[in-house]
Structures are given as C-alpha cells and as structure tokens.
Amino acid sequence: MRGLAIVGSITGEVAELEFDDRQRRVRRSPLLFVAPLVLLILLTLVLLWEIVRSNVTGTASQEWPWRLRMMDMNPLGSLLAVALAAVFGRAQYGRTVRPALGWSSTWTVGDLGPDESAWTVEILNGGSQHAVVERVDYCFVPRGGGPGEWTDHAGLLESLAGRGLVQGKDYYQRLTSAGFPLGGSGMPVGVYGQRFVDEIDQLRVRLGVVDAVGDSHERIMDLMRGARVDRPRIRPQRSSSRGGRGRYRARPRS
C-alpha cells in the first residue's frame, strides 16, 4: 500500500506524491537473534567437520588435521537440536509479539476550540504485546510543494511557524518521546484545524518502535490522509457524552 496525496487540486494541477507506508522491520536484536543463529552455524560446521573426519581412513586419519576431534557426535547432535529449536522458537515468538502499527482519524469538534472542527489523529498498536517508542520523526508537504527534510518535534513546530501555522491555535502536535509504551488503546498524536488541512497536503510521521524480543520496526504514516476527502459539509452537533468533544453527524434525510 502506498500513500497518495493530491497537490494543487484547486488550481487543477494534479500530482501524486507517493511513499511506501508499509510497516517494515529495520533491525533485529543482536543478542536474541544473532547470537542463537551464530551458535547454530558454528555447531553445523563442527558437525560437518566430524562427518568428514570420520570418513577419512587409513594412515591419513593419523595425520594433521584429521586427528583434530572437536566433539563427540552424541553431545554435538543434542546441542545442535537445542540451537535449532532456539532459532525457530525465537522466530515464532517474534512473529507473535510483532507490533501492528496503524492510525485512526476523524473530524471532531471542540479539541482546538469551542465549536471548532478539527482533524484528530491517534496512533495505535494492534499487536498482542506493547511496543516501546524508539524515535518519532516528522516531515510535511505544503500545498503545491514537495516534501521537506525529516526533523524532530521542535523542528516541525519551527518549520510550520515559518508558514504562519501556530501550535495550539491552528493545530496541536503532541510531543512523543523515546520510551513511551504504545498499546492498542491508541495514542493521541495531533489535532489539526481547517486552515492546517487546507495548507498542508501531507504530514508524515516516521514512527520507530522496539518489540518484546528487541526487534526494531518502522512505519511512515500520512496523518492528513482522508482529511479533505472526509471533510463534512454539514453543521456539527455537540455530543454531551464525551465532555464537550463531538463528532460530525449526518442530518437525517426526509
């Protein structure tokens, strides 16, 4: 799946800005993945050596290096079976605890101001275990422009301020630091007003997390996807059940 954005739709100039937004594993744990794999490879090489050495007969078997005996076949076979089970068991457990990063977004009312509509986004982990945030980077694409450089939270606010967008007024970008546990309940990441949605075509977040077995995963998400397509053309109704925060609701047709 690829992220798409329409740039310059009002002027009639249409261009697609594509990027790969699929989740990918960027690093495996050296201790919990590399070490058992290296052990398995070493034991396999020892087994091959013992098999070759045992098939050397005659006077050659008494010469170097065929006299070198590393390990008896019985304990070697047991160790090899344990190492193989550890590698496959770790691989299976790694798939079980692998995070499933995603996001949810909708138009709400009251998050930026009374009766003011805003595009609200949450990031969640649909995996069976919690993941821990390693880093969060940001990159935005202004309307009619190209993607900028990846930056941190402070750099994002500074770049948006240069375009006249004010934190807390036109949008609110939450600061998420390394070490934050990301679960399935959802993590509020930002609220974006009408002006922000009109002026920013894409707001990309590159989220890196580490799972329970020490593997690092990464996904790039466009938080503005669907904001203009899903923009309601009706008046909002306030929902009292959410403490003043409401969602757009369609009027019943007659």
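The values are calculated or read from the model by the stated rules, or taken from the named source; none is laboratory data. Being a predicted model, the structure only gives us computed values, none of them experimental. Here Cβ is always computed from backbone atoms with ideal geometry, including for glycine, and neighbour counts include all displayed protein chains. The accessibility values were calculated without ligands, DNA or RNA, using every heavy atom of the protein model including side chains. Shrake-Rupley method; radii C 1.70, N 1.55, O 1.52, S 1.80 Å.
Key figures for this structure:
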{"read-out": "Checklist (1) in a loop (DSSP other than H, G, I, E, B); (2) open to solvent by 80 Å² or more (accessible area, probe 1.4 Å); (3) modelled with pLDDT of 80 or more applied to residue 71, failing item", "value": "(2)"}
{"read-out": "In the stretch 99-139, the residues that are buried (at least 19 other Cβ atoms within 10 Å of the Cβ), modelled with pLDDT of 90 or more and not in a strand (DSSP E or B)", "value": "99"}
{"read-out": "Selected residue (only one of 90, 95 is in a helix (DSSP H, G or I) and touching a Phe, Trp or Tyr at 6+ places or on another chain (Cβ under 9 Å))", "value": "90"}
{"read-out": "Identity of the residue in the stretch 9-33, under 17 Å from residue 225 (Cβ atoms) and modelled with pLDDT under 70, that ends up surrounded by the most Cβ atoms within 10 Å (Cβ to Cβ)", "value": "9"}
{"read-out": "Among residues of the stretch 204-220, those that are out of contact with any Asp or Glu (no Cβ under 9 Å at 6 or more places or on another chain) and at pLDDT 95 or above, counted", "value": "0"}
{"read-out": "Qualifying position, being out of contact with any strand residue (DSSP E or B) (no Cβ under 7 Å at 6 or more places or on another chain) and open to solvent by less than 60 Å² (accessible area, probe 1.4 Å), among 155, 183, 162, 193", "value": "155"}
{"read-out": "Tally, over the stretch 34-65, of residues that are open to solvent by 100 Å² or more (accessible area, probe 1.4 Å) and under 25 Å from the mean Cα position of the chain (by Cα)", "value": "0"}
{"read-out": "Test: residue in the stretch 207-214 that is among the aliphatic types (A, V, I, L, M), open to solvent by 10 Å² or more (accessible area, probe 1.4 Å) and more than 19 Å from the chain's Cα centre (by Cα)", "value": "no"}
{"read-out": "Any chance residue 227 is assigned to a loop (DSSP other than H, G, I, E, B), of a type in the set (A, V, I, L, M, F, W, C), surrounded by 14 or more Cβ atoms within 10 Å (Cβ to Cβ) and within 15 Å of the chain's Cα centre (by Cα)", "value": "no"}
{"read-out": "Hits in the stretch 165-179 - residues which are of a type in the set (Val, Ile, Thr) and open to solvent by 30 Å² or more (accessible area, probe 1.4 Å)", "value": "166"}
